[in-house]
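Each value in this text was obtained by applying a stated rule to the coordinates, not by laboratory testing. From a predicted model like this one, the values you see are computed outputs, not experimental measurements. Cβ placement follows ideal geometry from the backbone for every residue including glycine, while neighbour counts extend to all protein chains displayed.
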Amino acid sequence: MLSYHSFKEQRRKPKGDLMKYLVLKSTVANGGQVKAGDVIELSPSEAKELLGIGRVTKVESKPVETVDRAVGLEEATKPKRRTSRKSV
C-alpha cells in the first residue's frame, strides 16, 4: 500500500553533484513542472534522462563581461534629436 511518506521521499533533492541545466521544452523535473528557459539543478541520473530526450542542455557558467560601448563617443558623433512634425 502506498503512503504519503513514500511520495515525499521521492521529491527530496539528492545530496551530491548537482549541475545546472537550461530547460529547452516545458517538462517535469525535480518533482515539479518547469518551463522552457528556466535554469534548474538536476541530479546526474535525472539529467541523463532529460538530456537523452532533448528536454535540457548543460549550462556553461562563464563570467559575464560587461562592455561599456559608450567609451570614446563625443558630442560631435552623437546623433541629432528629431522632433515630430505637427500636422496641419
Sorted by chain and then number, the residues having a modelled amide H within less than 5 Å of the amide H of M19, at least 5 places away or on another chain, are L42
R69/V28 FRET efficiency (R0 30 Å; Cβ-Cβ; nearest 0.05) | 0.15
Give the long-range amide H neighbours of D38: residues separated by 5 or more places, or on another chain, with amide H under 5 Å away, using H modelled in the peptide plane at 1.01 Å from N.
-> V23
Relative contact order of segment 16-61: what whole-number percent is it, with Cα pairs under 8 angstrom and at least 6 residues apart?
-> 46
Jot down the per residue volume, in cubic angstrom and as a whole number, of the convex hull over the alpha-carbon atoms of segment 16-61.
-> 64
Paramagnetic reach from K35 (point 7 Å along Cα→Cβ, amide N under 16 Å) across segment 48-62 | none
